[in-house]
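The block underneath contains the structure these notes are about, expressed in structure tokens.
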Amino acid sequence: MNTRIIIISLLIFLLSAVSFSQVTRNEKLFEEVKKYGEAEVVISYPGRNAIELITRNVSITAVKDKKVYISLTAATLNWFLSQKFDYEVVEKEPAKGIISASSVSGAMEWDSYPTYTQYDSIMRKFQADYPQLCRLDTIGTSIMGRLVLVLKISDNVNDDEPEPEVFYSSTIHGDELGGFVLMLRLADYLLKNYNTDSRVRNLVDNLEIWINPLANPDGTYRTGNEIISPTRSNANGIDLNRNFPDPMNPSIVPEKENIDMMAFMRKRRFVLSANFHSGFEVVNFPWDRWLSKYHADHDWFYYISRKYADTVHVYSGPAYMNYYDNGVVRGAEWYIIYGGRQDFITWELQGREVTIELDDIKQTPAAQLELLWQYNRQSLIGYLENALYGIHGRVVDAVTKKPVPAKIYIAGHDKDSSHVYADSLTGYFTRFLAQGSWNLTFSATGYRDTVVQGVNVVNNQRTDLYVEMKSTPTDIDSVNPEKPLLFPNPSSDIIECRLPDSITGQVKVSVINSNGVKILEYLTSDRPVILNVAYLDAGVYTVVFKSTVTGHSASSRFVVYSRHY
Ligand SMILES: [Zn+2]
């Protein structure tokens, strides 16, 4: 053979070797997804623009050491392969440290993982053992029909008191396990120590604490009653924390679990929340979706995130939770995601949520659960205490003293949906702000804007505020008891409708457009009536509420505006 032939043969050999290895690698990936429900791959960091494309299509799980980790399921595998990335399959973490408890009481030693039935029993036991302080509720059901459970912990637990509502939730990624046991243990700790620990008592008495230890039960218990090979995604192979409505990715269609979660969160209107994950060690705060935008309350978010991580370090030493700015990062600086719950709550529901990454290891070995608790216990308590600070106020009509569902904002400061609303039924509101002096504007249909100047906010202290609003004589909507009170109005998504007292029981709700065409009609007994206008075209509408009990009716007009992002 001459040299030329040798070189050509060698080239052919190399080319076929390359494609052969690609095929086997792809096959291995398919097999892995088939066997475990998902697989993790790693590519080298391709730059921010490429990340932007990737994060819209597949689930990035972490960016570290100039590498991008990506979780793939049957739903996303083909897109990933079509991009022809040079990738490696990440070996699955050995799950040998995931020891299942042998009994409910064994599980409640908090050094093993409960089976699904044990988890269910523990949640019921909390309510049974502390009926005055703890109520078991359900957020919804998973695709496979498992209950998504939540505990409410508060004094007078069966009453809906005008107290700040706070929310802890974990393991929306079914294979990120540490936070699951941590949440159960926190509930146990709050209930057990209520009578003896003044700090715990202060929280339970003055907040309505909701704890959802397991947001994705189908992922965690994919293979059955024990945790054997859990998945990040739900039973449809969808990453639930990339699946909330997002103005930057309108193609997202929420999964069953998230539809239920959104309804629950809309109803409760949490003022402060946290979502617990593993795979990294950092407190991540908004925004996840915008690198160029800072949240109006960035300084406050940084302060509470810093406090969480700094308190952790007191108990863990400096080697734990020290990524980025010593354990704190603005989400998009780590990597951009769309459809995350943190941004959804903070943007859509005027809440304040952070994402807490508890452990580098997604599946914290059972033997390390005790340490995880010791490191985080004080921070978990301290984070909830943030809800007791800031401005707590009530907005009422100057004459009738009835609550006014005002919009509350700070001119020149608020942006990107950072304002808050007073509760329609009680007039209460909570506003967290960085230390300083603030001018608050109160605005409501039928009222003159009211500005309260120089409201002082001090870190770790509560400021109380009582605001009376004067109605404008030209607009009788909010003082005439026969008129429904709608807010926000105009709206682009949800309008809460407070009906006059004469409209009792079940009502027929009819929505009529400006051409007089009835476009929506349904029955409801909910109060307030929640009108979803997200799918209506921009324009002016009339809504009529007719009681099917008394026959009384009342109507009002509202405006839908289109969103521009
Ligand atoms: Zn996660």
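Per-peptide packing, taken as the mean over residues of other Cβ atoms within 10 Å, places 387-399, 67-79, 277-289 in the sequence 277-289, 387-399, 67-79 from highest down.
Enter the angle in degrees (range 0 to 90, nearest 10) between the Cα long axis of helix 178-193 and the first principal axis of the Cα atoms of the chain, meaning the one along which they spread out most. Once rounded, the angle reads 40 degrees.
With both residues required to sit in segment 76-160, DSSP beta bridges show an antiparallel share near 90%. Relative to the longest principal axis of the Cα atoms of the chain, the long axis of helix 369-385 makes an angle of roughly 30 degrees.
Here residue 402 sits with roughly 110 square angstrom of accessible surface, probe radius 1.4 Å. Shape call for segment 104-388 from the C-alpha gyration tensor, a ≥ b ≥ c root eigenvalues: rounded (a/c under 1.5), prolate (a/b greater than b/c) or oblate? Rounded shape, in that the Cα axes give a/c under 1.5.
On a per residue basis, the chain carries 43 Å² of accessible surface, using protein heavy atoms and a 1.4 Å probe. Of the chymotrypsin sites (Phe, Trp or Tyr not before Pro) found in segment 393-482, none is in coil by DSSP with at most 16 other Cβ atoms within 10 Å of its Cβ.
Each peptide among 412-420, 455-463 gets the average number of other Cβ atoms lying within 10 Å of its residues, and from highest to lowest they stand as 412-420, 455-463.
In the chain, the portion of solvent-accessible area held by carbon and sulfur atoms comes to 52 percent [1.4 Å probe, whole percent, DNA, RNA and ligands not counted].
Over all directions, the projected convex hull of the C-alpha atoms in the chain averages 31.4 nm² in area. Rounded to the nearest Hz, the phi-derived 3J(HN,Hα) couplings of segment 441-451 under the Karplus curve 6.51 cos²θ - 1.76 cosθ + 1.60 (θ = phi - 60°) are 9, 10, 9, 8, 4, x, 10, 6, 4, 10, 10, where x marks glycine and proline. With the alpha-carbon atoms of segment 394-496 aligned to their principal axes, the span from lowest to highest coordinate is 43, 31, 22 Å, starting with the largest. The order of 347, 210 by accessible area, most exposed first and with a 1.4 Å probe, is 347, 210. Looking at the chain alone, DSSP beta bridges between its own residues are antiparallel in about 70 percent of cases.
Output the pairs from 256/546; 267/402; 66/92; 28/362 with a Cα-Cα distance over 28 Å in this structure; if there are none, say none. Where the Cα-Cα span goes over 28 Å, the pairs concerned are 256/546.
How much mean residue ellipticity at 222 nm does the chain get from its helices, if each DSSP H run of length 4 or more adds -39500 (n - 2.57) and you divide by all residues, to the nearest 500 deg cm²/dmol?
Helices in the chain give a 222 nm mean residue ellipticity of -9000 deg cm²/dmol.
Net charge in the neighbourhood of residue 211 (other residues with Cβ under 13 Å of its Cβ; Lys, Arg +1, Asp, Glu -1) is 0. Axis of helix 298-316 versus longest Cα principal axis of the chain: the two differ by about 50°, to the nearest ten degrees.
Working from Cα pairs under 8 Å separated by at least six residues, relative contact order for the chain is 10 percent.
When only the Cβ of Lys, Arg, Asp and Glu is charged (+1, +1, -1, -1), the dipole of the chain relative to its Cα centre reaches about 860 debye. Projecting the Cα positions of 207, 245, 234 onto the charge dipole of segment 204-254 (unit charges on Cβ atoms of Lys, Arg, Asp and Glu, taken about the Cα centre) puts 234 furthest along the positive direction. Across segment 486-560, C-alpha contacts under 8 Å between residues 6 or more apart give a mean separation that, scaled by the residue count, equals a relative contact order of 38 percent. Placing +1 on the Cβ of every Lys and Arg and -1 on the Cβ of every Asp and Glu, with nothing else charged, gives segment 16-89 a dipole about its Cα centre of roughly 140 debye.
The values are calculated or read from the model by the stated rules, or taken from the named source; none is laboratory data. Since this is a predicted model, take the numbers as computed values, not measurements. Quick reminder, even Gly has a Cβ in these numbers, built from the backbone with ideal geometry, and neighbours come from all protein chains shown. Surface accessibility is based on the protein's heavy atoms, side chains included, excluding ligands, DNA and RNA. Shrake-Rupley method; radii C 1.70, N 1.55, O 1.52, S 1.80 Å.
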